[in-house]
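Coordinate-derived values only; no laboratory data. As the structure is a prediction and not an experimental result, all values here were calculated from the model. Methodologically, a virtual Cβ is constructed for each residue, glycine included, from the backbone with ideal geometry; neighbour enumeration extends over all protein chains shown.
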Amino acid sequence: MRTKKEAIGRLLKVASNQMSREFDNFAAQLDLTGQQMSILDFLGNQSEEDSGKEISQTMIELEFNIRRSTTTEILQRMEKRQLIKRKASPTDARQKSVELTEEGKQYLPEIRTYIQGHNQKALAGLSAEEIAAVEKFLNNFSMQKGKE
């Protein structure tokens, strides 16, 4: 017999897999992976929110909860396609600073339109209170990592 916690975990996994599949399918139309698409969106949002703020590879690792080696591999592929530039951080030589290139910025309008539509579809039929509860749950769940 499953406990409520196990059912929620299973539902989260199923929803996560579905979302990843949908992102990958859309991103493939742009010759990207879902992860690359999400990173481009993140970099675009960060640069718009705080123009001139340095975005480090570590910030990307933390934002997407991915390992350093995985992040390095993804960013190397993106750099090879001239979607991003990486360079030594001016504030910490051990860190890599990441920024969008003009080529990478060209993808942002289409990516943002897709993500906005995807979010609206996912939340359709939910009240503002229900959306707030989902956000609170997911944020709380995300904060649990590493506390086990």
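Could you grab the relative contact order for the stretch 12-143? Cα pairs under 8 Å, six or more apart, rounded to a whole percent.
Working: 94 pairs, mean separation 25.0, N = 132.
So the answer I get is 19 percent.
Kirkwood hydrodynamic radius (Cα pairs, Å) of the chain? Please report the intermediate quantities before stating the final value.
On the way: mean 1/r = 0.0583 Å⁻¹.
Taking the inverse mean of 1/r over all distinct Cα pairs, the chain comes out at 17.2 Å.
Any idea what the dipole of the chain comes to, in debye rounded to 20, about its Cα centre with Lys/Arg Cβ at +1 and Asp/Glu Cβ at -1? Before the final figure, lay out each step's value.
Details: 23 positive and 22 negative charges, 143 e Å.
The dipole of the chain has a size of about 680 debye.
From the helices alone, meaning DSSP H stretches of at least four residues, give me the mean residue ellipticity at 222 nm for the chain, per-run term -39500 (n - 2.57), in deg cm²/dmol to the nearest 500. Working shown, then result.
Working: 7 runs with 99 residues, N = 148.
Theoretical 222 nm ellipticity from helices: -21500 deg cm²/dmol.
Would you mind working out the magnitude of the charge dipole of the stretch 52-136 relative to its Cα centre, with +1 at each Lys and Arg C-beta and -1 at each Asp and Glu C-beta, to the nearest 20 Debye?
Working: 15 positive and 13 negative charges, 89 e Å.
That gives the stretch 52-136 a dipole magnitude of about 420 debye.
Could you point to the residue in SER97, SER127, ALA15 farthest towards the positive end of the chain's charge dipole, with +1 and -1 charges on the Cβ of Lys/Arg and Asp/Glu respectively?
Working it through, the farthest residue towards the positive pole turns out to be ALA15.
Can you pull the Rg over Rh of the stretch 22-73, Cα-only, Kirkwood?
On the way: Rg = 11.8 Å, Rh = 11.8 Å.
Result for the stretch 22-73 is an Rg/Rh of 1.00.
Beyond a 20 Å Cα-Cα separation, which of these cross-linked pairs lie in this structure: LYS80/LYS105; LYS53/LYS105; LYS53/LYS80; LYS53/LYS87; LYS53/LYS85? Please report the intermediate quantities before stating the final value.
Working: LYS80/LYS105 15 Å; LYS53/LYS105 17 Å; LYS53/LYS80 23 Å; LYS53/LYS87 14 Å; LYS53/LYS85 15 Å.
From the list (LYS80/LYS105; LYS53/LYS105; LYS53/LYS80; LYS53/LYS87; LYS53/LYS85), the Cα-Cα distance tops 20 Å for LYS53/LYS80.
Which of the aspartates and glutamates could a cross-linker bridge to LYS136, judged by Cα under 20 Å and excluding same-chain residues fewer than eight apart?
Once the sequence-local aspartates and glutamates are set aside, what remains near LYS136 is GLU6, GLU63, GLU148.
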